[in-house]
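Notes follow the structure.
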Amino acid sequence: MMDLKIVYMVFIGLNIVSLGENLLAQVVTDNAVQIRTIAVAPYGIENNLKLSGIYYDLANLLIAESELNSQHLIYPYARIIHELKNGKTDLTIMFKYKELKDHVIYIAPLPTLHNVVIGLKGVRFKSIRDLEGKTIAYLRGAKFSEDIDTNNKIKKHRITDFRQGIKMLARGRVDAIIGPMAPILSAADSIGMANIFDEPLYVSKRTPWLQISKKSKLRLNVNKIRAIFNNILTRGGLRKLKHKYRVGELVESP
């Protein structure tokens with residue numbers, strides 16, 4: 001009888017410990033800055049559960065210097081946009097989107113990126129009009145060019161990542177791919193297709209921004225975060241990360 005009582009007490013004790021650990025984990029999560037980085041290499045890279053990338057590392061550096069706790073995941077564009085609206089994501093780095101203008105606070109800009117449309121060698125597009133009647137691979141959830149987005153004569157095939165789009169291009173399933181030059185080249189290099197492209201057509205310039213959801217449950221000090229982030233940029237933090245991930249300035253501009 002005594003043995004059963006001891007077993008019962010041990011069982012109750014273990015459950016209390018487990019409950020306490022779960023509550024502590026929940027408190028830590030509730031007080032952690034929820035960061036989401038776009039699932040676009042080389043900005044956000046997920047490789048065998050290991051997360052990295054230019055914007056991923058940059059956001060982590062910001063959080064470390066801000067002395068904040070965080071939970072940092074890599075998500076597709078569309079999911080980040082949705083979570084910024086409802087406050088599940090606190091902070092991200094990505095382009096401005098019209099549907100987010102009433103839902104986020106824009107903290108600080110990063111250097112402007114040039115978006116391109118690029119085809120296979122031997123297929124060069126000199127203007128957006130050249131794309132009419134063609135099909136381009138277009139990253140799901142992204143918006144790279146209003147002129148192309150609103151042109152119904154240009155067919156858009158939505159893709160989950162640039163590697164998928166490049167493979168479709170190589171197989172002739174699409175005529176071109178659109179996006180910032182750096183991630184397109186990074187994706188092509190990762191699958192051994194870095195030399196399949198002709199000259200790019202530059203179609204737009206977009207500026208990535210550090211941004212915070214207005215529905216964030218955390219009272220983040222916007223001015224402090226802006227100052228720390230700008231200091232990181234001023235002292236070359238972004239430039240070092242571009243070098244780390246082999247992204248040269250030449251792929252960023254015409």
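Bear in mind that the values in this text are calculations on the coordinates, not laboratory data. Please read all numbers here as calculations on a predicted model, not as lab measurements. Positions of Cβ are backbone-derived with ideal geometry, glycine not excepted, and every protein chain shown enters the neighbour counts.
For the chain, return all DSSP H helices satisfying: extent of Cα atoms along own axis at least 27 Å; mean Kyte-Doolittle hydropathy at least 1.0. All intermediate terms of the calculation are to be shown ahead of the outcome.
Values: long enough: 2-30 (42 Å, 1.15).
Flagged H segments are 2-30.
Which distance in nm do the two modelled labels at T112 and N31 give, with both placed 7 Å along the Cα-to-Cβ direction?
4.3 nm
How would you classify region 113-206 from its alpha-carbon gyration tensor, with a ≥ b ≥ c the square roots of the eigenvalues: rounded for a/c under 1.5, else prolate if a/b is greater than b/c, otherwise oblate?
Details: a/c = 1.40, a/b = 1.30, b/c = 1.08.
Because its axes are fairly even, with a/c under 1.5, region 113-206 counts as rounded.
Take every DSSP beta bridge whose two residues both sit in the chain, then give the antiparallel share in percent to the nearest 5. If you can, show how the numbers build up before the last one.
Details: 23 of 39 bridges.
Taking every DSSP beta bridge within the chain, about 60 percent pair in antiparallel fashion.
Could you name the lysines whose alpha carbon sits less than 26 Å from that of K155, not counting residues in the same chain fewer than 8 places away?
The qualifying lysines are K96, K98, K121, K126, K134, K143, K167, K205.
Find the relative contact order for region 113-206 and round it to a whole percent, using C-alpha pairs within less than 8 Å whose residues are 6+ positions apart.
Values: 172 pairs, mean separation 46.1, N = 94.
About 49 percent, as a whole number.
Assuming 0.36 nm per residue, please report the length gained on full extension of the stretch S66 to K88 beyond their Cα-Cα distance.
Length difference between fully extended and current span is 5.9 nm.
At 222 nm, what value in deg cm²/dmol follows for the chain if DSSP H runs of at least 4 each add -39500 (n - 2.57) and the sum is divided by all its residues, to the nearest 500? Numbers along the way, then the final one.
Numbers: 8 runs with 96 residues, N = 254.
Taking each H run of at least 4 residues, the total per residue is -11500 deg cm²/dmol.
Just add up the charged neighbours of T160: K/R +1, D/E -1, any other residue whose Cβ is under 13 Å from the Cβ of T160.
In short, +3.
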